[in-house]
Amino acid sequence: APSRVAAALAALLAGDEALAVRLALLRFPAGRPAALSVARLHRADETLQRWQFKVACWADLPPAPAPPGVAGALRAAFGSLDTAAVLTVLHRLEVDLHVAAGSKFDAFAPADRALGLDLQHLVGKLHR
């Protein structure tokens, strides 16, 4: 129902969750209407929080360059301004057990500077 989506959107924008709305909108390919739903906004908020936590954890580990395939895929997606493709690459990289954490940080950090999601928000702030 549109009223539920509007209420969820208003609640997110009223708090500190405007970045989750940005993430939800970035998932839609350019030139296509964004069909937001309460579930999509909720998933975007969960993803944002998870990525902020993981990026902070990865930042504490030894640095390593992003894998060439990942770096190339990100360059191609950014080159065509395909934010949905960028997010797909990041989602796959997040769960790839064969990529070192430092490499993940090396890919996420510059992608975040372009996407503006403040994924490094928790870097240096986590207490272990």
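The values are calculated or read from the model by the stated rules, or taken from the named source; none is laboratory data. Keep in mind it's a predicted model, so treat the numbers as computed, not measured. Quick reminder, even Gly has a Cβ in these numbers, built from the backbone with ideal geometry, and neighbours come from all protein chains shown. Heavy atoms of the whole protein, side chains included, go into the accessibility calculation; ligands, DNA and RNA do not. Shrake-Rupley method; radii C 1.70, N 1.55, O 1.52, S 1.80 Å.
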Where a ≥ b ≥ c are root eigenvalues of the Cα gyration tensor, a/c under 1.5 meaning rounded, otherwise prolate if a/b exceeds b/c and oblate otherwise, the chain counts as oblate
How much accessible surface does residue 47 have with a 1.4 Å probe, in Å² rounded to 10?
10 Å²
Suppose R0 equals 22 Å. What FRET efficiency, 1/(1 + (r/R0)^6) with r the Cβ-Cβ distance, do residue 11 and residue 82 give to the nearest 0.05?
0.15
Let me check against my output: what whole-number percent is the relative contact order of the chain, with C-alpha pairs under 8 Å and at least 6 apart?
31 percent
Quick one: dipole size for the stretch 1-105, taken about the Cα centre, charges +1 on Lys/Arg Cβ and -1 on Asp/Glu Cβ, in debye to the nearest 20.
280 debye
Between residue 57 and residue 34, what is 0.36 nm times their sequence separation minus the Cα-Cα distance? Round to one decimal in nm.
5.1 nm
Note the angle between two axes, namely the Cα long axis of helix 38-59 and the longest principal axis of the Cα atoms of the chain, as a number of degrees from 0 to 90, rounded to the nearest 10.
20 degrees
